[in-house]
Amino acid sequence: MMSTPDVEKDVRSLVAEILEEDEPEKIDGNARFVQDLGMDSMMALELLAGIEKKYRIVIPEDTLPKFTSLNRTAEIVTDLFKKSKK
């Protein structure tokens with residue numbers, strides 16, 4: 001089973017890719033996607049699709065607004081991933 005740090009790392013690199021940030025480690029885990037990082041709704045959907053594909057999970061649409069920061073997203077994904085593997 002994947003451990004949480006991998007999820008955080010994967011989400012971080014996905015976010016970096018979407019935001020075209022060359023240095024993923026520079027992204028603050030608590031920075032808000034929209035307000036602090038300038039992510040728009042298309043980017044958010046791209047992130048969602050990337051996570052679903054990577055972990056082979058389905059993220060309920062009503063969960064998307066909860067994806068506010070890297071740390072929060074990693075928490076939610078970890079949770080969904082664990083539930084999907086039961």
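The values are calculated or read from the model by the stated rules, or taken from the named source; none is laboratory data. Remember, predicted model here, so these are calculated numbers, not experimental data. Please note: Cβ atoms are built from the backbone with ideal geometry, for glycine as well, and neighbour counts cover all protein chains shown.
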For this session: Considering only the stretch 71-86, state which residues are buried (at least 16 other Cβ atoms within 10 Å of the Cβ) and either touching a Phe, Trp or Tyr at 6+ places or on another chain (Cβ under 6 Å) or among the hydroxyl-bearing types (Ser, Thr, Tyr) (or both).
Result: Thr73, Thr78, Phe81
For this session: Any residue in the stretch 67-86 that's assigned to a helix (DSSP H, G or I): show its pairings with residues that are among the polar types (S, T, N, Q) at Cβ separation under 6 Å, as long as the two are six or more apart or on different chains.
Result: Asn71/Asn30; Thr78/Thr4
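I'd like to check something: does the stretch 28-37 contain any residue that is aliphatic (A, V, I, L, M), surrounded by 11 or more Cβ atoms within 10 Å (Cβ to Cβ) and under 12 Å from the mean Cα position of the chain (by Cα)?
Going residue by residue through the stretch 28-37, those that are aliphatic (A, V, I, L, M) are 31, 34, 37.
Those left that are additionally surrounded by 11 or more Cβ atoms within 10 Å (Cβ to Cβ): 31, 34, 37.
This time we only want the ones that are under 12 Å from the mean Cα position of the chain (by Cα), so: none.
Looking through the stretch 28-37, none of the residues is aliphatic (A, V, I, L, M), surrounded by 11 or more Cβ atoms within 10 Å (Cβ to Cβ) and under 12 Å from the mean Cα position of the chain (by Cα).
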Exercise. Which of the residues that make up the stretch 40-70 are under 15 Å from Ser13 (Cα atoms), surrounded by 15 or more Cβ atoms within 10 Å (Cβ to Cβ) and out of contact with any helix residue (DSSP H, G or I) (no Cβ under 7 Å at 6 or more places or on another chain)?
Worked result: Ser69
For this session: Could you tell me which numbered condition Val77 fails, if it satisfies all but one of (1) under 10 Å from the mean Cα position of the chain (by Cα); (2) within 17 Å of Glu17 (Cα to Cα)?
Result: (2)
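Residues checked against (1) part of a loop (DSSP other than H, G, I, E, B); (2) at pLDDT below 95; (3) more than 13 Å from Val77 (Cβ to Cβ):
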residue	(1), (2), (3)
Val7	no, yes, no
Leu14	no, no, no
Glu17	no, no, yes
Gln35	yes, no, yes
Ile57	yes, yes, no
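Report the residue count in the stretch 22-33 for those that are over 21 Å from Ile76 (Cβ atoms) and part of a loop (DSSP other than H, G, I, E, B).
Of the residues in the stretch 22-33, 2 are over 21 Å from Ile76 (Cβ atoms) and part of a loop (DSSP other than H, G, I, E, B).
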Exercise. Do you know which residues across the stretch 14-27 are within 26 Å of Lys85 (Cβ to Cβ) and either surrounded by fewer than 15 Cβ atoms within 10 Å (Cβ to Cβ) or among the charged types (D, E, K, R) (or both)?
Worked result: Glu17
